[in-house]
Amino acid sequence: MSRITATFDTLKAQGRKALVPYVTAGFPYADITPALMHGMVAAGADIIELGVPFSDPSADGPVIQKAGDRALALGIGLTQVLAMVKAFRAKDQTIPVVLMGYANPIERYEQQHGEGAFVRDASAAGVDGVLVVDYPPEECAEFSAALKAAGMDLIFLLAPTSTDERMQQVAQVASGYVYYVSLKGVTGSGALNTDEVGAMLPRIRQHVHIPVGVGFGIRDAETARAIGRVADAVVIGSRLIQQIEQQPHERVAAAAADFLRPIRAALDA
């Protein structure tokens, strides 16, 4: 059983929902990420999504694009991201870590280090799941199998425009959880309609029989609580990035924790 599945099983038994913060690796300082991850765990994070910086992200809005650009300028690539996960694992063997990003850095890594190197090295570092925005499910059977053999999950996005056929395709290869994008658009855009999310999730669950997390547009405790009533997990990224982007180095982890604590409390209420 993967760490992600074990986490959701434990939360379900407790009647609780998962809080899943997203941060861009290497932002706002190149060396801050392991400490930031520990700070988020202390504030109640159940799973951490760690963004792999990429120059041409298709799903990220301006806030996360800017964070990625800054991390890239600091020299952060997939090699450094894996080292950050390994550093986090030196003190925390429990909280699942999901890498979220795009195909290009993974394929470049394999060009540099050999076929199969990404799965091998991600597993060795302590990664639990991978979400590759531009890997379609119909082309991922082999990659999914390789990840599962190494104890990792392959996570997919679903959107308001996803058809029943697409949901069935995702269900065949996804594990851990699926990530429902609550808005048409990029991260951090638009106003969240919780009624629409509530109507969509039963349809997703007809096809997908693993936990469903919801993200894009969740900005505070109120919206998190509303989504937590219908979803298994709440993912929050852009707003968290905004909370830490101007902080001095010594305040980054504390600022993230201060932001997440009321959201954790709202989910538990």
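Read-outs: derived from the displayed coordinates by stated rules, not from any lab. Please read these numbers as outputs of a predicted model, since none were measured by experiment. Using ideal geometry, Cβ is built from the backbone for each residue, glycine included, and neighbour counts are taken over all protein chains shown.
The table for this structure:
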quantity: Fully extended contour minus Cα-Cα distance, from ALA117 to THR10, at 0.36 nm per residue; calculated: 35.4 nm
quantity: Three principal axis lengths of the range 49-120 [C-alpha, angstrom, descending]; calculated: 33, 28, 21
quantity: Where Cα atoms sit under 26 Å apart: lysine pairs in the chain separated by 8 or more or lying on different chains; calculated: 9
quantity: Förster radius 25 Å - calculated FRET efficiency between ALA159 and GLU107, Cβ distance, rounded to 0.05; calculated: 0.55
quantity: Whole-number D in µm²/s for the range 95-245 (Stokes-Einstein; Kirkwood sum over Cα pairs; 10 °C, 1.306 mPa s); calculated: 98
quantity: Structure-based [θ]222 nm, the chain - -39500 (n - 2.57) summed over DSSP H runs of at least 4, per residue, nearest 500; calculated: -14500 deg cm²/dmol
quantity: Gyration tensor over alpha-carbon atoms, the chain, equivalent ellipsoid semi-axes in Å; calculated: 24, 23, 18
